[in-house]
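Everything below concerns the one structure shown next.
Every read-out reported here was derived from the displayed coordinates using simple, explicitly stated rules and does not represent laboratory data. The model shown is predicted, which means the values in this text are computed figures rather than measured ones. Cβ placement follows ideal geometry from the backbone for every residue including glycine, while neighbour counts extend to all protein chains displayed.
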Amino acid sequence: MRTLAVTTMDPRHRVLCRIRIEGAEEAEKICLLMGSEVAPRRQFIAAGATELDEARIDI
């Protein structure tokens, strides 16, 4: 099983995106993924599930 240290924190695997003022509204929506409330995160994932590109999933 991959840990957070390997999958997210390791600079070889993480992706950093610059957020500009024009993207502030979209960034605010995505930041809810970092909160402690589960319901908004679940809604975000469910809403994007139809746009899933299975070819990009690394299993």
**OP:** Let me know the whole percent of all Cα-Cα pairs from the chain that are separated by more than 20 Å.
**Re:** 46 percent
Original post:
Okay, helix-only estimate at 222 nm for the chain: each DSSP H run of n ≥ 4 adds -39500 (n - 2.57), divide by all residues, round to 500 deg cm²/dmol; what do you get?
Top reply: -9500 deg cm²/dmol
Original post:
With labels modelled as points extended 7 Å from the Cα through the Cβ direction, what inter-label distance (nm, one decimal) is found for ILE21 paired with LEU52?
Top reply: 3.8 nm
Subject >> Estimated dipole of the chain in Debye, rounded to 20 [Cβ of Lys and Arg +1, of Asp and Glu -1, Cα centre] >> reply: 260 debye
**OP:** Could you list MET9, MET34 in order of exposure, starting from the residue whose Cβ has the fewest other Cβ atoms within 10 Å?
**Re:** MET34, MET9
